[in-house]
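Some notes on the structure that comes next.
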Number of protein chains: 4
Amino acid sequence: MQLAVYSLRMATRVGIVGASGFTGAELLRLLAGHPDLEVVLATGDSQAGTTVASLYPSLAGAYPSLEFAPYVDGLADEHGLDLVFCGLPHGTSQEIVPGLLNGTRVVVDLGADFRLKDADLYSGWYGHEHTVPGLLAEAVYGLPELFREELATAKLIATPGCYVTTATLALAPLLAAGLLETTGIVVDAASGVSGAGRAAKPTNAFNAVDENFVAYGMLNHRHTPEIEQNLTHVAGRDVQVLFTPHLAPMNRGILATCYARPTQAATTESLRQVLHAAYDAEPFVFVRHEPPSTKATLGSQSVHVTAYADPRTGWVVAMAALDNLTKGASGGALQSANIALGLGETTGLPIAGLYP
Amino acid sequence: MQLAVYSLRMATRVGIVGASGFTGAELLRLLAGHPDLEVVLATGDSQAGTTVASLYPSLAGAYPSLEFAPYVDGLADEHGLDLVFCGLPHGTSQEIVPGLLNGTRVVVDLGADFRLKDADLYSGWYGHEHTVPGLLAEAVYGLPELFREELATAKLIATPGCYVTTATLALAPLLAAGLLETTGIVVDAASGVSGAGRAAKPTNAFNAVDENFVAYGMLNHRHTPEIEQNLTHVAGRDVQVLFTPHLAPMNRGILATCYARPTQAATTESLRQVLHAAYDAEPFVFVRHEPPSTKATLGSQSVHVTAYADPRTGWVVAMAALDNLTKGASGGALQSANIALGLGETTGLPIAGLYP
Amino acid sequence: MQLAVYSLRMATRVGIVGASGFTGAELLRLLAGHPDLEVVLATGDSQAGTTVASLYPSLAGAYPSLEFAPYVDGLADEHGLDLVFCGLPHGTSQEIVPGLLNGTRVVVDLGADFRLKDADLYSGWYGHEHTVPGLLAEAVYGLPELFREELATAKLIATPGCYVTTATLALAPLLAAGLLETTGIVVDAASGVSGAGRAAKPTNAFNAVDENFVAYGMLNHRHTPEIEQNLTHVAGRDVQVLFTPHLAPMNRGILATCYARPTQAATTESLRQVLHAAYDAEPFVFVRHEPPSTKATLGSQSVHVTAYADPRTGWVVAMAALDNLTKGASGGALQSANIALGLGETTGLPIAGLYP
Amino acid sequence: MQLAVYSLRMATRVGIVGASGFTGAELLRLLAGHPDLEVVLATGDSQAGTTVASLYPSLAGAYPSLEFAPYVDGLADEHGLDLVFCGLPHGTSQEIVPGLLNGTRVVVDLGADFRLKDADLYSGWYGHEHTVPGLLAEAVYGLPELFREELATAKLIATPGCYVTTATLALAPLLAAGLLETTGIVVDAASGVSGAGRAAKPTNAFNAVDENFVAYGMLNHRHTPEIEQNLTHVAGRDVQVLFTPHLAPMNRGILATCYARPTQAATTESLRQVLHAAYDAEPFVFVRHEPPSTKATLGSQSVHVTAYADPRTGWVVAMAALDNLTKGASGGALQSANIALGLGETTGLPIAGLYP
């Protein structure tokens, strides 16, 4: 129940560049229910001329006539866009974001181009030099739980990777409180297959995914340095993690099960008190007694977290679950955009998940 | 995008009787995003004292402290309820609805008790006499596409069965136009397992459902007379159908594939024109060129319909897909309630589905 | 339990042409447990040089070193093959089968090239002229339940389509007994996605299939004339069917729910007696009281069938379930090959399904 | 392909006590294809009088008339059983095994009663005193990869827990070689839901499991001491592990992803050489380059293992995948029984998995 009082105002004009992928479709789903933002442009070069309704029948009712347009320079000006979301492959956003920044109020990138602060780290993990390294410092990392204040004045926002949001929200309060050793951390995580995107590949075919559970990206997944960057930021010293992602036979959802050594005597209760202190005022992060379940967050912006201390082996286990396409991507981008535009932070973001 | 202009007003107070089942959970999900309706009571005798958040972690953020209460007589008065949804097993609603009608503005029943207009038909299919047959005439059938006008002044609303809504929306315009023979109709349908409810049974265990496709309720499913009642209503003469439901290995969604003989020469094009004429002004029913897909409607109020005429065999095939818990149950109930309360008919009802 | 008494003998040498697809993988799975047949060659042009174990890790233990070879003319002679299975796309087998027939004892085609007896029907449904129409009469249709005697001396075997086997086994005994009208028959069926093959396509991506149920091939699926050919054969007069396939979110399995009008008074009991008379001596077809479930046949050669007569609407409903890759494709091919080679008909064919 | 030469012999008579659960059904599936073992008795008190075919339609063809019988003392003698499998809940087997041992050649228990060698450990983890602690030393642990020699003369065999087999096969060779620290080991694993058994519970309902990934049994899962017992055995010193099981939305399959610290410089290559040395002569364990996939083992006895050394963080990651009901339970029991009875160790055990 939301008792709403709105005054009449002009809708903010929104464009989505690279809208034909899953993050684009999720943005369109969320924006269909957002009272203040109006989608006036959706580009998708490979789908140019196709209607949104034919590529995503789930959006047929909400966007009966919207067509994917080709990307052209100057589109922000041409369409009078106030807000642009970029859902392009890594390496591509950095080519067009400088131009977009000149023609609009806020640019929210959903890719990897502006997440890492260190251009050398970027080139090391992504295999090419960053073309606009000067923008890395300017970009605000789109995780409100860590950077809400900076987001309020952001012009360029870098939406975190889906695994990164999950692992960060599980571990950050405990590291910020100095409770965990900063080396030897393991992030063992599983994701639904939508994280792999819309392109048809043998590895995301139904027959390959269904009834299967398998690890991938062993030792070298690109979300690793981003997790470390966040955790180093909150810990105030270098944090190192081993990250092992797995593919689970489901559409959406990420669970991160994280293992770390405590720096001092810890109990399950003391760990959860730290989580409560960090999150009880957050609109979308909930500390749970039970192990977080991905399905509890399906289709919603909610994040469920918890932690355990094992008296027998000494390990601390911290866990978080969220929907990789909502809070882990498009919903995270929208929450940050709401903040940067001065709208209600939670506007248009479902708090209740789809169940069953 | 919805540009909203609201004036301040008191929220309508809502109670859900029998809220612990899946239709209750879906109502709670939808009402969490409804700006005009406030849930003040949720009963569930078997779960009394349990929090909503523990039974449905997906609702933890939206209802952090709501507990299932036991049902007690007079609760509508006691809690000042304007609107009551009843999600009780068939045979149970009829015991309490008369009392509820005295204490509140609108009662929306989600069960089977007030769907059939003929008390003898009810007792024949449900195995016991109806205790308040006099209310059957008063109850308005909660399918806005057929009874929008009556719903505007309804005090008691009977929400259709999920299969019934699906089959009715596929066939009704064609029968109303006199294009189909009224006997020999086959409704072959498949549903996700949430239609079977929350109670754990061997037949809805994951290992029984996953990787399985199977028919059930052969020849005698209770939605049969209700489909016939609707189609008879629009056809103006007795309609008879054979209904075969199947269980598909998925959570939500119903597809009805309906076969009928044409009364006159028909083409796929002519059939679709009739569907367009019936539905183009409807907010949630969309006529599609492609076969309707359940996933296109997941989590939304949308219904996708289409029809084909086969020149080779003479058959007409009419199809509809929807989400059995949203448009097929709780969303249907809410759409009707919106109408009866004079609220915007589409308020709080997602038009965009969850994809992927 | 099989109490086996074998004498020493030379293994029959088997080649699979077009082995890299799903029917090839299923053949390799079954042949791994066949005591009399030895796979000495598996071709797959697009995978030439790849090991079977890397493309199908499920076969790593059974075929640790087998590599897909390129197809070359004369391979049957070169490798001394006694038996060749062809798993090539339609239109391709007919190019090479004549050559193979000269170099080996038995050729079993798993594609569509030799299923239809009428070359004009073939060209009408497949869009090109048949290049060796003279072989159509020679080819024996690989459905032992209908053509066991002919298979015993077959040199060229055409394995039925998966939907065709299912619908034929459901309806054939009833039509052979003259119990059903031969027009107005509806075959409404659902299949797991493995029927669409190994190639990655947007329509068989996990995110497109999972939680989805949808019809396809409306009015014009190519299995239609093949179903009609079989049923016409047993009925002794032209049979016409409308066939509507659906895609269910599962790996394997087909259920056909078939609707027909009776020619005379029929009861559920009388229909089942006919089924029992037809199938009680069959090794793999079982008449069931309960609606057949695809999962009951998973990974096995078993077929479950049943029938109902509806006294209210007059419809007869006949149903069959099987595993589309086992009995519906590779297992069917192997059963026919066993017969043609004079081996035990059931050898190497699992009768028990994988459950749960 | 197996070129088989058998001489005529009497089948070994087999009884399954507690056959109505999933491990019983899997035993029946495997035994249906075993040439030397004949099932003459299957007990299941809660299902007594029910046919196997009605409870498990997948077994209808293999066991058309077998009924579950009630358990009665002396059944081994009465039915002349050579081999008895016990699939009873923990705490129950120990009541009847002493009696069975007197009447039959080999007893294979699939439950937990005879796995732990230390009766105090048993009572600590299972909450009651062991009633026949003297048998714990006599019982041979049914993991041929570790105890093949002892199994050859075993009379009582304790089949390992499913997670235990998985974790043990991943880690044992590395610990036996002294390559890993014996504390701080993490076993993070995921299983399909069949591991939870046949009883219908809210937690194994389709709607609870599908599209969900969640941990359970945090810090205290009963397979923990059993993993430690095995690893301590091979390491020659106390090994301690933290074990975190997860439930994945699939029927079958377990993947264990294990983290440990190396005792000396290790490379991925050096670790795999150790695995190859341990497993290359094993009939069912395969060392893979790629991360093991549960689906590669579906329905088969195969186990896929691998290991990685991470130069950046120092962690060793060892992984294994298998089918929890086949190698992880009933297939493991049958492999051990084959050894104890002097049959071919691999007889009746599928090496090729079901794919897709």
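Bear in mind that the values in this text are calculations on the coordinates, not laboratory data. Values in this document were obtained by computation on a predicted structure and should not be read as measured data. Please note: Cβ atoms are built from the backbone with ideal geometry, for glycine as well, and neighbour counts cover all protein chains shown.
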*Given A:ALA200, A:VAL303, A:ALA318, which one lies farthest toward the positive end of the charge dipole of segment A:163-325, if we put +1 on the Cβ of every Lys and Arg and -1 on the Cβ of every Asp and Glu?*
A:ALA200
*Based on a Kirkwood Rh over C-alpha pairs, give the Stokes-Einstein translational diffusion coefficient of the protein assembly as shown at 20 °C and viscosity 1.002 mPa s in µm²/s.*
65
*Percent relative contact order of chain B, based on C-alpha pairs within less than 8 angstrom and at least six residues apart?*
16
*For segment B:261-356, what is the charge dipole size about the Cα centre, in debye to the nearest 20, if Lys and Arg each add +1 at the Cβ and Asp and Glu each add -1 at the Cβ?*
220
_Highest-MSF residue in chain D out of D:PRO202, D:PRO144, D:PRO35 [GNM, Cα springs under 10 Å]_ = D:PRO202
_Under 17 Å from the Cα of D:LYS117 - lysines, other chains or at least 8 residues apart_ = D:LYS155
*So for C:TYR355, D:TYR71, fewest C-beta neighbours within 10 Å to most, what's the order?*
D:TYR71, C:TYR355
*asked:* Just to confirm my numbers, what's the Cα centroid distance between segment D:135-155 and segment A:10-25 in Å?
replied: 63
*Under 26 Å from the Cα of D:LYS201 - lysines, other chains or at least 8 residues apart*: A:LYS295, B:LYS201, C:LYS295, D:LYS295, D:LYS327
_Against the 2.2 N^0.38 Å scaling, with N counting residues, where does chain A land? I'd like the Cα-based Rg ratio to two decimal places._
0.97
*asked:* Under 5 Å between amide hydrogens, which residues at least 5 positions from D:PHE213 or on another chain qualify, with H placed 1.01 Å from N in the peptide plane?
replied: A:THR294, A:LYS295
*Top mean-square fluctuation among D:ALA266, D:ALA69, D:ALA277, Gaussian network model of chain D, C-alpha springs under 10 Å?*
D:ALA277
*In nm, what does the list of distances from B:GLU290 to its counterparts in the other copies look like, shortest first, when each label sits 7 Å along Cα to Cβ?*
2.9, 3.6, 3.6
*About the Cα centre of the protein assembly as shown, what is the dipole size in debye to 20, counting +1 per Lys and Arg Cβ and -1 per Asp and Glu Cβ, all else neutral?*
0
*Pick from C:SER194, C:SER123, C:SER293: which residue has the top mean-square fluctuation in a GNM of chain C where Cα pairs under 10 Å get a spring?*
C:SER123
*Coil-residue trypsin sites (Lys or Arg not before Pro) of segment C:1-93, DSSP, other Cβ within 10 Å capped at 14*: C:ARG9
_Placing unit charges on C-beta atoms (Lys and Arg positive, Asp and Glu negative, everything else neutral), compute the dipole magnitude of segment D:163-325 about its Cα centre in debye, rounded to 20._
200
_Please rank C:GLU138, A:GLU226, fewest neighbouring Cβ atoms within 10 Å first, as an exposure proxy._
C:GLU138, A:GLU226
*Could you list D:LYS155, D:LYS117 in order of exposure, starting from the residue whose Cβ has the fewest other Cβ atoms within 10 Å?*
D:LYS155, D:LYS117
*asked:* When 1/r is averaged over all different Cα pairs and the result inverted, which Kirkwood radius in Å belongs to segment D:1-141?
replied: 16.1
*Determine the distance separating the Cα centre of segment C:161-208 from the Cα centre of segment D:251-278; give it in Å without decimals.*
46
